[in-house]
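The values are calculated or read from the model by the stated rules, or taken from the named source; none is laboratory data. Predicted model, so just to flag it, every value in this text is computed and none were measured. When we count neighbours, we look across all protein chains shown, and the Cβ atoms used for this are built from the backbone with ideal geometry, even at glycine.
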Amino acid sequence: MDTTAAGLPRTESKRIRLSDPISSLIQSIQSIQADSSPAVRIFHLQTMLFFIDRHWEIVHDSLKTRVVNVFLQYLGFDDPAVQSWVFLNLAAVVYGEGIRTDALPAEEGCINPYLWDAIWTHAMRRANVPLVCRAACHTAQMILSSNRPQSSIPSHVRLDSQRILQEIETLTKDIDVQGPAYPYDSVCDFLSQCLLIASQDVRLYRMRFEDKVLSWFIDAWRAKSGQGEMAAYTVQDILYLLETICGLSTQVDLVIKPILPQSDIVDVIEEENKFRVIQDFVLYAKLPPFGVKNDVRHENKNTENPRTLPKDKIERSQLVAPSGRERKVSSFLLKAIELLIHDWETSQSINNGPSAEIARKSLDFAIVSVTFESMLALNGTTSNRSLLQSSGKLLSMIIPFLLKFRWTTSEKLMVLHSLEVLVSDEYVEDPDVFKDILVKPEAGSGIKDQVLQDLLSSHFQSRKAIKTNRLNLLRAVWQNPEVSVSIVLFLVENE
């Protein structure tokens with residue numbers, strides 16, 4: 001029946017009500033009973049995480065607050081996997097709010113400040129829970145990164161500085177008694193950031209939290225060769241924490257390129273990433289920021305150190321004796337390496353032989369030892385020769401298994417990937433990726449000389465300093481005959 005012919009106004013006709021996908025997803029999370037399978041709730045949390053990561057900026061402010069409130073309600077869920085995914089969602093929210101580029105002032109964020117306090121408190125309280133500490137530390141690290149006063153981006157995530165210092169003091173003063181279960185990647189970054197913040201406060205600096213964190217690290221990091229699971233950290237994560245504990249002024253960002261799994265999803269994401277810059281410009285009128293943003297954890301590093309020895313050959317006569325913390329780290333690494341050597345000598349007599357995961361963990365431990373001692377030499381401190389010799393011996397015992405043992409190609413790649421940090425000096429970008437949508441300004445661009453110099457120097461000088469320190473570290477590593485001979489002899493014998 002025609003509503004116009006019947007005398008009814010067209011506005012009274014029924015309209016199709018559009019459903020709100022976010023509200024539907026929130027209701028699906030809330031409607032699940034407590035006795036339901038956690039896997040169902042985790043699936044909805046994962047879906048929400050992907051949405052927040054990609055589209056958080058287009059969500060209405062009131063809906064953002066509602067989403068955060070729902071997450072906070074489920075932090076008390078008994079299942080640790082559910083809690084971990086809730087923390088990952090909260091970390092994505094913090095990151096999304098921390099990089100907002102709209103005109104809203106930083107102090108007028110859309111989310112109520114008490115919610116940031118609640119997220120920070122929950123993350124700090126669960127930083128020492130064994131099955132949740134990795135995700136909790138990741139969330140806390142994102143909050144600390146968003147509260148950096150030197151950040152060039154006006155963050156909308158703000159906490160009181162005294163509250164941050166108080167929570168850091170509460171966590172670190174008893175960390176050697178009750179701390180995170182393991183030095184995961186996020187745990188290392190978070191503790192390193194906490195130590196950097198504590199070192200800038202006079203009262204906390206006098207408490208020497210570095211000694212407590214070092215005691216926790218020695219107890220938590222066990223390099224038992226019998227543990228076959230792959231560790232959730234990289235050599236860079238462990239080295240960064242040790243550099244911060246020892247207060248090394250010159251620190252190095254190693255090249256760590258993860259191995260992506262073979263999957264259709266990975267292929268689609270890689271293909272999409274090649275033209276993401278063009279897609280963002282055409283569809284959303286967005287341009288990438290000038291230059292490449294540095295890693296958050298390396299923005300505070302001092303790249304100029306008068307004690308650094310950038311010579312072709314480091315003279316031992318110019319090096320000073322190590323401090324107490326540096327000796328303690330070297331002693332711990334030496335004992336662990338000797339234990340691993342004993343385990344590998346025993347495993348050679350067994351027909352089954354070690355697994356690729358065990359070999360990778362042992363290699364990572366040896367490379368951490370080598371790079372740490374080389375970092376000491378780079379900072380003008382005498383390295384532990386016994387540790388370098390033991391690390392070279394362990395390398396010479398593991399590397400031949402790449403040819404003698406019946407590992408699959410993927411397993412061999414996983415083991416060889418550990419050695420990449422000893423030879424890679426910079427990240428090699430994919431030539432097929434469309435990176436720059438605008439031509440970089442040059443002398444004839446019409447920009448004032450001083451402005452142009454500031455634009456270019458802030459980015460390229462930073463990259464140059466990072467690469468210079470990395471090359472100096474690799475030079476120091478390969479100057480150790482205990483390490484270079486073990487690898488070179490293997491390559492010559494199997495050429």
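Find the helices (runs of 4 or more DSSP H) located wholly in the range 330-407 whose residues include 3 or more that are touching a helix residue (DSSP H, G or I) at 6+ places or on another chain (Cβ under 8 Å) and not aliphatic (A, V, I, L, M), and list them.
Values: elements: 356-378, 385-398, 401-404.
In the range 330-407, 356-378, 385-398 are the helices (runs of 4 or more DSSP H) which contain 3 or more residues that are touching a helix residue (DSSP H, G or I) at 6+ places or on another chain (Cβ under 8 Å) and not aliphatic (A, V, I, L, M).
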Restricting the range 412-464 to residues that are part of a helix (DSSP H, G or I) and of a type in the set (S, T, Y), the one modelled with the lowest pLDDT turns out to be S458
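Here is a yes/no grid of residues against (1) among the aliphatic types (A, V, I, L, M); (2) in a loop (DSSP other than H, G, I, E, B); (3) modelled with pLDDT of 90 or more:
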{"site": "R100", "(1), (2), (3)": "no, yes, no"}
{"site": "I111", "(1), (2), (3)": "yes, yes, no"}
{"site": "L131", "(1), (2), (3)": "yes, yes, yes"}
{"site": "R134", "(1), (2), (3)": "no, no, yes"}
{"site": "T139", "(1), (2), (3)": "no, no, yes"}
{"site": "H156", "(1), (2), (3)": "no, yes, no"}
{"site": "I168", "(1), (2), (3)": "yes, no, yes"}
{"site": "L191", "(1), (2), (3)": "yes, no, yes"}
{"site": "C194", "(1), (2), (3)": "no, no, yes"}
Expected output for the range 334-347 (first residue farther than 9 Å from L394 by Cα, partner among the hydrophobic types (A, V, I, L, M, F, W, C), Cβ below 8 Å, 6+ apart or cross-chain) is L334/L387; A336/A223; A336/F365; L339/A223; E345/M397
Across (1) within 30 Å of L339 (Cβ to Cβ); (2) touching a helix residue (DSSP H, G or I) at 6+ places or on another chain (Cβ under 6 Å); (3) of a type in the set (D, E, K, R), E426 clears everything bar (1)
Yes/no for L115 being of a type outside the set (D, E, K, R) and modelled with pLDDT under 85 | yes
Pairs returned, first residue in the range 28-49 that is more than 10 Å from W85 (Cβ to Cβ), second residue that is modelled with pLDDT under 70 and surrounded by 12 or more Cβ atoms within 10 Å (Cβ to Cβ), beta-carbon separation under 7 angstrom, 6 or more apart or interchain, are V40/I32
Among residues of the range 170-189 being in a helix (DSSP H, G or I) and touching a helix residue (DSSP H, G or I) at 6+ places or on another chain (Cβ under 7 Å), the residue surrounded by the most Cβ atoms within 10 Å (Cβ to Cβ) is V187
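For the range 426-450, how many residues are within 29 Å of the chain's Cα centre (by Cα) and touching a residue at least 24 places away in the same chain (Cβ under 8 Å)?
Initially, the range 426-450 is screened for residues within 29 Å of the chain's Cα centre (by Cα), giving 426-437.
Among the residues that remain, those that are also touching a residue at least 24 places away in the same chain (Cβ under 8 Å) are: 426-427, 430, 432-437.
Number of matching residues: 9.
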Picked from the range 231-262 (must be more than 19 Å from S369 (Cβ to Cβ) and hydrophobic (A, V, I, L, M, F, W, C)), the residue surrounded by the most Cβ atoms within 10 Å (Cβ to Cβ) is A232
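What tally of residues in the range 347-404 results from selecting those that are among the hydroxyl-bearing types (S, T, Y) and in contact with a Pro (Cβ under 9 Å, 6 or more places away or on another chain)? Step through it out loud before you land on a result.
Of the range 347-404, the ones among the hydroxyl-bearing types (S, T, Y) are 347, 349, 355, 362, 369, 371, 374, 381-383, 386, 390-391, 396.
Those left that are additionally in contact with a Pro (Cβ under 9 Å, 6 or more places away or on another chain): 347, 362, 381-383.
Counting residues in the range 347-404 that are among the hydroxyl-bearing types (S, T, Y) and in contact with a Pro (Cβ under 9 Å, 6 or more places away or on another chain) gives 5.
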Given (1) out of contact with any Phe, Trp or Tyr (no Cβ under 9 Å at 6 or more places or on another chain); (2) within 24 Å of H138 (Cβ to Cβ); (3) at pLDDT 80 or above; (4) surrounded by 13 or more Cβ atoms within 10 Å (Cβ to Cβ), I265 misses just (4)
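To keep it simple, each residue is scored yes or no on (1) over 29 Å from D432 (Cα atoms); (2) at pLDDT 80 or above.
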position: G247; (1), (2): yes, yes
position: V252; (1), (2): no, yes
position: I256; (1), (2): no, yes
position: L287; (1), (2): no, no
position: V292; (1), (2): no, no
position: K301; (1), (2): yes, no
position: N305; (1), (2): yes, no
position: K313; (1), (2): yes, no
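So, I265, is that one within 20 Å of the chain's Cα centre (by Cα) and of a type outside the set (D, E, K, R) or not? Break it down into steps so the answer makes sense when it comes.
On the way: within 20 Å of the chain's Cα centre (by Cα): no; of a type outside the set (D, E, K, R): yes.
Judged against the criteria, I265 is not a match.
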